[in-house]
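The structure appears below as structure tokens.
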Amino acid sequence: MRKSEWILCPVCGNKTRNRVREDTVLKNYPLYCPKCKQETLIEVINLQITVITEPDAQTQSQ
């Protein structure tokens with residue numbers, strides 16, 4: 001039997017509605033937390049969850 005874990009929200013730390021197994025690979029996954037109502041981009045490889053931070057949009061100067 002493979003090990004599985006609940007994905008915890010990186011903002012508030014509560015359980016989300018998603019589980020991952022040790023062989024699950026997620027890239028650019030939009031994780032939604034029903035408790036704090038935040039959406040965060042994550043990557044999961046070998047049960048290691050990494051939060052993806054996107055750079056803010058820059059205004060173009062002329």
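No value in this document is a laboratory result; all are computed from the given coordinates. Predicted model only: the values in this text are computed from it and were never measured. Reconstructed Cβ throughout: ideal geometry from the backbone, glycine too, with neighbour counts over all protein chains shown.
Among the residues of region 11-52, the ones that are in contact (Cβ under 8 Å) with a residue 24 or more places away in the chain and surrounded by 16 or more Cβ atoms within 10 Å (Cβ to Cβ) come to 7 in all. With a requirement of 1 or more residues that are among the aromatic types (Phe, Trp, Tyr) and within 12 Å of the chain's Cα centre (by Cα), the strands (runs of 3 or more DSSP E) lying completely within the chain that satisfy it span 4-8, 25-32.
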